[in-house]
1. Take the Cα radius of gyration of segment 108-202 and divide it by 2.2 N^0.38 Å, with N its residue count; two decimals is plenty.
2. Working from the pairwise distances between different alpha carbons, so that the mean of 1/r is found and then inverted, what is segment 3-274's Kirkwood radius in Å?
3. What order do you get for T79, T135 when you list them from fewest to most C-beta neighbours inside 10 Å?
4. Give the order of I241, I128 when sorted by the count of other beta carbons within 10 angstrom, beginning with the fewest.
5. To the nearest 20 debye, what is the magnitude of the charge dipole of the chain about its Cα centre, counting +1 on the Cβ of each Lys and Arg and -1 on the Cβ of each Asp and Glu?
6. May I ask you to sort V48, V159 by Cβ crowding, counting other Cβ atoms within 10 Å and putting the fewest first?
7. Given A235, S141, L125, which one lies farthest toward the positive end of the charge dipole of the chain, if we put +1 on the Cβ of every Lys and Arg and -1 on the Cβ of every Asp and Glu?
8. Quickly work out the R246-to-E137 label distance, labels modelled 7 Å from Cα along the C-beta direction, and quote it in nm with one decimal.
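A short reminder: the numbers here are calculations on the coordinates, not readings from a lab. Please read all numbers here as calculations on a predicted model, not as lab measurements. Counting neighbours? That spans all protein chains shown, and the Cβs are built from the backbone with ideal geometry, glycine included.
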Amino acid sequence: MTWFQALVLGALQGATEFLPISSSGHLVLFPWLFGWEIDPEVLFPFTVVLHWGTLLAVTAAFWSDLVRLVSAAFQGVRTLNPFGTAESKLAWLLLLASVPAALAGALFDSLIRGAFSWPPLVAVLLLINGGLLMTGEWFRSRRDPAAKPSELEAPDALVIGIFQTLSLFPGISRSGSTIVGGLSRGFSRLESARFALLLAVPIILGAGIAASGDFRTISSETVQEFAIGFVTAAAVGFAAIRWLLRYLSSGSLRSFAAYCAAVGLLCLAVAIYRA
């Protein structure tokens with residue numbers, strides 16, 4: 001891996017982790033399209049480092065919120081009333097929403113890893129992601145006015161968490177699937193996105209810890225590239241979060257769906273041409 005490849009992949013991860021267009025799908029398809037041959041023994045730990053970069057980005061963007069949520073959660077435990085305040089309730093619901101993806105990831109780890117080695121399948125899943133985003137817009141049109149954030153309950157969190165399990169496969173966006181999950185429960189785009197971004201903290205943290213064994217393959221020669229990827233993913237990710245929240249205050253998911261359809265069809269055409 002070169003420093004340029006690390007820079008490009010870091011920027012891709014930073015933008016696409018939070019925009020609903022699938023970071024994992026882009027990290028599979030982009031090197032494949034341009035013929036970058038990167039050793040899987042390097043690529044797997046490198047993607048973990050990129051995710052840690054986006055974890056830093058979302059932590060920085062929501063630092064004050066996260067401090068309040070963690071403090072409220074511990075206070076709820078001490079008082080034996082975990083849902084006693086709105087912030088304590090939200091903290092525990094975020095953890096609850098993380099459970100389905102954690103269980104599915106553990107049960108289907110080999111199947112999920114196998115999907116990363118088949119770019120045409122990833123292209124198809126990117127098309128499906130576009131359809132999922134359009135479904136989210138349909139959900140939104142069926143509920144007006146939107147539900148209030150304070151109305152979020154355990155069944156809502158579980159449904160959002162189940163939607164998030166779809167994103168274990170490359171090509172299905174984690175932020176996109178969770179936003180659609182929120183829309184299916186009657187919440188606005190902006191509130192669904194905010195919950196999806198906060199949900200990124202436990203899920204990325206857990207995934208990074210689970211994949212820590214891949215760091216055994218890191219050599220001293222790749223440290224510079226890993227550092228470049230980490231810093232780029234963090235910087236671009238922070239900017240992407242700020243932009244997405246502004247955009248979804250009035251914009252729709254249709255433009256992201258169109259993008260996913262265009263990239264998915266392009267990659268399928270390339271796959272057919274190369275066959």
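1. Details: Rg = 13.9 Å, N = 95, 2.2 N^0.38 = 12.4 Å.
Segment 108-202 yields a ratio of 1.12.
2. On the way: mean 1/r = 0.0530 Å⁻¹.
Hydrodynamic radius (Kirkwood, Cα only) of segment 3-274 equals 18.9 Å.
3. On the way: T79 11, T135 15.
Ranking T79, T135 by Cβ neighbours within 10 Å, fewest first, gives T79, T135.
4. Values: I241 24, I128 16.
If I rank by nearby Cβ atoms, fewest first, I get I128, I241.
5. Here the size comes out at about 760 debye.
6. Result, fewest neighbours first: V159, V48.
7. Sorting the options by dipole projection puts first S141.
8. Output for this residue pair reads 2.2 nm.
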